[in-house]
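Following: one structure in structure tokens, then a few remarks.
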Amino acid sequence: MEKRIPEPSRVIVIGGGPVGLVTALLLADAGVATTVVERALAPGDLPRAISLQDESFRVFEQLGIADALKSESLLDTGSRYFGLNGRLLAEAKPSPSRLGHPAKTQFDQPILEQLLFDRAVEHPGVTLLLGTEATAITHDVNGVTVHVTERGVTRQLSAEWLVGADGGRSFTRSALGIRLDGSTQTQRWIVVDLLNERAQHEPFAEFHCDGKRPYVLVPGVNGRLRIEFMLFDHEDPDEMTTPTNIRNLLVPAFRNKLLPGDVRRAAVYVAHQRVAHNYRSGRAFLVGDAAHLMPPFAGQGLNAGVRDAANLAWKLIEAIKGGASERLLDSYEIERRAHGAKMVKISRRVGAVVMATNPLATQTRDAVVRLVNLVPSARRYLANMRFITPPDYSAGVAVLPGDGPKFAGVQIGRALSQPTVTDVDGNRAGLDTYLGRGWALIGVGINPEKASAYWNGIDATRIHLLPPGVAPQKSAAGAEVIDLAETAAALTGATGGEPVFIAVRPDRYVAAVFAASDEQRVVEELRNFIDDRAREARSPQLDSSERRDVA
């Protein structure tokens, strides 16, 4: 399905996979007309990525698809690592999420892609150009032009900004002359996605590091199961994916019998560990696999892409509103490239543990893991999967604390917790429900209406967060919300009664925590990124702010 190109086009997204569609929908929900250029004629139907983190679901919740995806997913999962002779070496499960969603979930990518595609088709701000291929890109200080070909006919699309979300073999990246840094691992893997699984599996991805043929088993819901096997150097990938060899791998080790309809997909892949040298070139940006390619062992590829989309989208929205500085736009690469490279490194290290086949190496590995488990702090580090560290954007769009009160429950540069809150009408919902789509200013122990006009200038929603035991009341500005959840104690009690403001970015990351006396310094530093005085006159379709107090 295609829709007429809106005039003027503000952003062009090349690539209509999950990361491209997330980017387009975040932009369109803020009133930014966005065109998506996609070679395929329909959403992807192959199960590729299989693991989601809480932060991705937080974005999906904002897009209105989280509940539908959760109903088809295995929630709150962990990982188990088995060594020689099938001995359990370690069991890992993320610490309970503070973001309002399961910390780790096994999902089905075709279902996610269909949900995003359906929402994009229905969205008046998104134009999908399917069966269309980008063939050339030019850009200057005024905008971008993309040459596209559809059914043999070439035409030009123009916009103010360009986002390349076109995967590991990104045309956008090549056209912009951006190189990939890193390498490709030598080991190949065959991934087999099965249907009609009857065996009951606990909610853990199993990594079997047996030193013979390492394999990974990942359960899903509704009879879905993924099994991945490492191939040896002498094995031919085409031969190994024949029905006969797939059957030999699975029967009788994993199935008593295998019917033709049980195999959803069997394909061989080679993992890359590469990061784009730059994430930005003028008015063009890279997101998802176009920006980074990582081994699958830590389940970070798609999650990193969703983080890219959430990080970039609000900065482009700000640029279109007129208040963004070059420093704000440059912050996308500063914030996302460092964490993306870190996730590539972690994924490579986990893969090295899983793929070991040398007898001495596997024996040494098992011995080291057993010794590490004897140290309580190290065991907790592994068991809670703390090696997968969340992003820290304190070097980007953030204002480090001054000499005022410290707020231990909130970290500048980190994602804001999402406790459950109750509003004046008795409705209970996650805090994100009240934050709006843009910036938010939360007052803890102080009414945010007392803050400066800067927050009005950037369309910040003002939230008055009351401590437990204080009943919310109607205010002239709107509803007040009171936090009643135990998980929110850090938000309401960490300051010892000292009033503070929390400035929250549109991607739910904390930009600043400050006392009223320190507000002028915070505003001056934030103006280096977003200058409220430089904004264009706001058009109705771009003004998504909500003016209300919450407690």
Practice task
Determine if region 298-312 includes at least one residue that is touching a strand residue (DSSP E or B) at 6+ places or on another chain (Cβ under 6 Å) and surrounded by fewer than 24 Cβ atoms within 10 Å (Cβ to Cβ).
Solution key: yes
Exercise for the section: List every residue pair whose Cβ atoms lie under 7 Å apart, where the two residues are 6 or more positions apart in sequence or sit on different chains, the first residue falls within region 56-81 and is within 14 Å of residue 109 (Cβ to Cβ), and the second residue, located anywhere, is β-branched (Val, Ile, Thr) and crowded, with 22+ Cβ neighbours inside 10 Å. Expected result: 56/306; 73/105; 74/105
Exercise for the section: Might you let me know whether region 150-160 holds any residue that is out of contact with any helix residue (DSSP H, G or I) (no Cβ under 8 Å at 6 or more places or on another chain), among the hydroxyl-bearing types (Ser, Thr, Tyr) and assigned to a strand (DSSP E or B)? Expected result: yes
Practice task
Consider residue 188 carefully, then state whether it is at pLDDT below 95 and open to solvent by 50 Å² or more (accessible area, probe 1.4 Å).
Solution key: no
Problem - Residue list for region 418-466, filter: outside any strand (DSSP E or B), surrounded by fewer than 17 Cβ atoms within 10 Å (Cβ to Cβ) and on the phi < 0 side of the Ramachandran plot - result: 425, 427, 447, 449, 450, 452, 453, 456
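Take residue 186 and decide whether it is under 26 Å from the mean Cα position of the chain (by Cα) and among the β-branched types (Val, Ile, Thr).
Details: under 26 Å from the mean Cα position of the chain (by Cα): no; among the β-branched types (Val, Ile, Thr): yes.
Answer is no for this residue.
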Exercise for the section: Determine if region 285-300 includes at least one residue that is out of contact with any Ser or Thr (no Cβ under 7 Å at 6 or more places or on another chain) and assigned to a loop (DSSP other than H, G, I, E, B). Expected result: yes
Practice task
Give region 347-363 a look and list any residue that's within 20 Å of residue 180 (Cβ to Cβ) and either surrounded by 18 or more Cβ atoms within 10 Å (Cβ to Cβ) or more than 25 Å from the chain's Cα centre (by Cα) (or both), or say none.
Solution key: 347, 348, 351
Practice task
State whether one or more residues within region 291-299 are at pLDDT 90 or above and either under 30 Å from residue 198 (Cα atoms) or touching a Pro at 6+ places or on another chain (Cβ under 7 Å) (or both).
Solution key: no
Practice task
Collect the residues in region 516-551 that are at pLDDT below 90 and either among the small types (Gly, Ala, Ser) or assigned to a helix (DSSP H, G or I) (or both), keeping them in residue-number order.
Solution key: 533, 534, 537, 539, 540, 541, 542, 544, 545, 551
Exercise for the section: Considering only region 29-137, give the helices (runs of 4 or more DSSP H) lying wholly within it that have at least 3 residues that are more than 30 Å from residue 149 (Cα to Cα), at pLDDT 95 or above and open to solvent by 40 Å² or more (accessible area, probe 1.4 Å). Expected result: 66-70
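The values are calculated or read from the model by the stated rules, or taken from the named source; none is laboratory data. Every value quoted in this text rests on a predicted model; they were computed, and no experiment measured them. Backbone-built Cβ (ideal geometry, glycine too); neighbour counts: all protein chains shown. Side chains included, ligands, DNA and RNA excluded: accessible areas come from the protein's heavy atoms. Shrake-Rupley method; radii C 1.70, N 1.55, O 1.52, S 1.80 Å.
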